[in-house]
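Here is the structure we will look at, set down as structure tokens.
The values are calculated or read from the model by the stated rules, or taken from the named source; none is laboratory data. None of the values given here were measured: they were computed from a predicted structure. Neighbour counts run over all protein chains shown; Cβ positions are idealised from the backbone, glycine included.
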Amino acid sequence: MIELFTAPTPNGWKISVMLEECGLPYEVRWVNIGKGDQFKPDFLAISPNNRIPAIVDHAPADGGEPLSIFETGAILIYLAEKTGQFLPADIRGHKAALEWLFWQVGGLGPMLGQHGHFKLYAPERIAYATDRYRNETLRLYGVLDRQLAKQTYLAGEDYSIADIASFPWVQTYKAQDIDLGGFVHVKRWYDLLKQRPALRRGMDLGRQLINRRPQDSAEARKLLFGIKDETE
């Protein structure tokens, strides 16, 4: 059994989608990031970067003690290797899947996260920051669109961990005011992935817990964004 320590965010959904796609049994341990659960010692013991998600595998392949893994890229690779799914075995397919996985964790996720923050949550609107991250977001959508113009999925003709990592961030397109009509290949890929029952189950996890206004309290702003109250 795998314990999934998570919250209903794009990064959290990457791993719930992967677990559902792999058919692995798991139990959810909710981490209330608006209340500071991510800083508790028990969570830091498995995720020293105080970020969700993280997992604990109680049946690792070596038969040893439970194994904890943090960082979504590492978790996706671990689960792919554990199950033999969604990471091609051939050298070229393997290389492509890892390239596009790291493109997501190093670019698409962080840049869309910053764009979303300055567009939706920043206490004051800073035109330079908003424009800078919007331009980078649009550039990355263009990269994604050009890649998907050549093949069905990000890493080739097979669905992989690269697609699983990217989908939850692309599904924020409405909140981020991105017109998918301008990225026809991304839209084709997005609509194709939405038809996967396991992906839908993973994406539905915890939606009832979403706080649409996580910045409403000074304490939440401090915990989520590092923004201190002016009186401190």
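Some points to look at:
Quick grid of which residues meet (1) modelled with pLDDT under 95; (2) in a loop (DSSP other than H, G, I, E, B); (3) more than 19 Å from ILE15 (Cα to Cα):
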site: LEU120; (1), (2), (3): yes, no, yes
site: GLU124; (1), (2), (3): yes, yes, yes
site: ALA129; (1), (2), (3): no, no, yes
site: TYR133; (1), (2), (3): no, no, yes
site: ALA162; (1), (2), (3): no, no, no
site: TRP189; (1), (2), (3): no, no, yes
site: GLN195; (1), (2), (3): no, yes, no
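- Inclusion of ALA80 among residues that are part of a loop (DSSP other than H, G, I, E, B), out of contact with any Cys (no Cβ under 6 Å at 6 or more places or on another chain) and not acidic (Asp, Glu) is not warranted.
- Qualifying position, being acidic (Asp, Glu), modelled with pLDDT of 65 or more, in contact with a helix residue (DSSP H, G or I) (Cβ under 9 Å, 6 or more places away or on another chain) and closer than 21 Å to VAL143 by Cα, among ASP177, ASP204: ASP177
- From ARG139, ARG146, ARG134, ARG125, residue being exposed (fewer than 15 other Cβ atoms within 10 Å of the Cβ), among the basic types (Lys, Arg) and farther than 30 Å from PHE86 by Cα: ARG125
- Residues satisfying the criterion are absent from region 165-172 (criterion: at pLDDT 95 or above, more than 14 Å from the chain's Cα centre (by Cα) and surrounded by 13 or more Cβ atoms within 10 Å (Cβ to Cβ)).
- Residue match in region 83-94 (condition: surrounded by fewer than 16 Cβ atoms within 10 Å (Cβ to Cβ), within 19 Å of the chain's Cα centre (by Cα), modelled with pLDDT of 95 or more and in a helix (DSSP H, G or I)): no
- Any chance ALA74 is in a helix (DSSP H, G or I), surrounded by fewer than 18 Cβ atoms within 10 Å (Cβ to Cβ) and within 19 Å of the chain's Cα centre (by Cα): yes
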